[in-house]
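To keep things clear, I will list the structure first and then write my remarks on it.
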Amino acid sequence: MTTPESQSPPPQPPVPVSKDRIYRSPAGLAGGVLLLALALWLGIDALVAGEGRTPWMALAALLFLVPLIAAYTVRPAVFAGDDRLRVRNPFRVIVLPWGQVASFRSGYSNEVFTESGDKYQLWAIPVSLRARKKAARREDRRAAGGGQRRGSVLGGYGQSGARGGGAGSAAIEADGPVRAETDKVMDELREMHEARKPAETSQGEVTVRWAYEVVAPAAAGAVLLAVLLGTG
């Protein structure tokens with residue numbers, strides 16, 4: 001007979017893991033998809049219907065251009081989790097534990113600084129000076145009593161992916177000043193940094209990995225293109 005003391009405690013439910021907030025540029029995604037579609041259409045047409053050296057030139061151009069277009073438009077993203085910030089730039093992936101992040105800076109580009117002084121640009125969160133001026137004009141009108149506040153956000157970046165609207169959309173919140181959407185995103189990252197920096201799980205080393213899946217095919221295409229042009 002099993003006594004109460006010998007009974008094992010009931011299993012505890014697993015602790016839910018919060019998902020990363022993902023920030024991407026809607027304008028970059030849209031432009032990248034269009035450019036990729038155009039490049040593939042022209043390239044595949046030249047591969048199928050071309051004669052002589054044309055198919056080889058088309059192949060080299062596709063190998064060179066497609067990875068670069070994807071790297072600068074579709075690939076960039078910022079993943080903000082409870083313990084770390086992961087920055088996926090065109091040619092590198094930088095993982096920064098919150099404990100290693102020193103500050104963020106928003107000037108002509110959005111950047112993150114580490115405690116050791118290294119700087120990394122956030123390609124997925126581009127700065128729009130036009131959107132800042134537009135937001136400033138809206139805030140001036142609101143302060144003067146000439147504009148209505150709305151309890152919503154117009155376009156821009158989402159916490160779990162890109163929302164509608166462009167990179168230069170202005171955010172209108174129920175409380176607080178009108179801000180350009182990318183500036184609002186940077187404010188969210190600063191808040192997460194301040195909240196999570198002291199946590200034990202947010203400590204560690206900064207790691208940087210080169211995106212060889214982008215560099216290798218682009219380099220191969222460049223070499224093949226140079227050989228074909230040099231021997232033509």
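The residues neighbouring TRP98, those whose beta-carbon lies less than 14 Å from its own, together hold a net charge of -3 under the Lys/Arg +1, Asp/Glu -1 convention.
Stretched out straight at 0.36 nm per residue, the stretch from LEU129 to PHE113 would grow longer than its current Cα-Cα span by 3.6 nm. The peptide list 114-122, 81-89, put in order of mean Cβ contacts within 10 Å with the highest first, becomes 81-89, 114-122. Model label sites at VAL215 and ARG137, defined 7 Å from Cα along the beta-carbon direction, differ in position by 4.4 nm.
Work out how much length LEU42 to ALA199 would gain on full extension: take 0.36 nm times their residue separation and subtract the Cα-Cα distance, in nm to one decimal.
Contour length minus the Cα-Cα distance gives 51.4 nm.
Cross-link reach is defined here as a Cα-Cα straight distance under 20 Å, omitting same-chain residues fewer than 8 places apart; for LYS19 the aspartates and glutamates meeting it are ASP82, ASP83, ASP187, GLU188, GLU191, GLU194, GLU200.
Net charge in the neighbourhood of VAL214 (other residues with Cβ under 15 Å of its Cβ; Lys, Arg +1, Asp, Glu -1) is +3.
Throughout, read-outs are computed from the coordinates displayed, never taken from laboratory work. As the structure is a computational prediction, the values presented were derived from the model and not from experiment. With ideal geometry, Cβ positions are generated from the backbone for all residues, glycine too; neighbour counts draw on all protein chains shown.
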